Amino acid sequence: MGKIILKTPDGKKVVVDIKGDVLLYDAPQNPPNTGTRFTSGTDLYAHKARSGKVYFYSYFWSMWEGTDSSYKLLTEDEAKEFILDNAGIADHVAAGIKWERVKEYFPDIDEETA
């Protein structure tokens with residue numbers, strides 16, 4: 001994977017690179033020969049632009065032939081919700097959350113609000 005150009009809603013270009021950006025969530029994956037579970041997933045990354053602004057984006061991947069990977073810019077709220085949604089799933093899914101990195105961007109994410 002090389003660098004990918006994503007556009008913000010206001011037309012700005014954001015050049016992301018999953019090899020250099022910060023991985024916040026790494027979806028579980030199995031090789032195709034072990035069954036169909038976890039042969040596709042969505043990872044979450046944070047990208048710091050030259051301007052200093054942080055952009056969050058998801059990366060959908062699949063091990064299935066003919067299925068294209070895709071990227072999508074997310075708002076800060078959408079990225080936080082993505083993490084919280086995955087934190088509430090079974091341990092092997094939640095294990096993909098890189099909590100130390102996540103807390104750098106969302107310091108209060110694991111504080112109870114109920």
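The values are calculated or read from the model by the stated rules, or taken from the named source; none is laboratory data. Quick caveat: nothing in here was measured; it's all calculated off a predicted structure. Methodologically, a virtual Cβ is constructed for each residue, glycine included, from the backbone with ideal geometry; neighbour enumeration extends over all protein chains shown.
Contact annotation: residue pairs with Cβ atoms under 7 Å, 6 or more positions apart or on different chains, pairing a residue in the stretch 47-72 that is charged (D, E, K, R) with a partner that is crowded, with 16+ Cβ neighbours inside 10 Å, are 72/57; 72/58. The strands (runs of 3 or more DSSP E) found wholly in the stretch 17-114 include none carrying at least 2 residues that are at pLDDT below 85 and not small (Gly, Ala, Ser).
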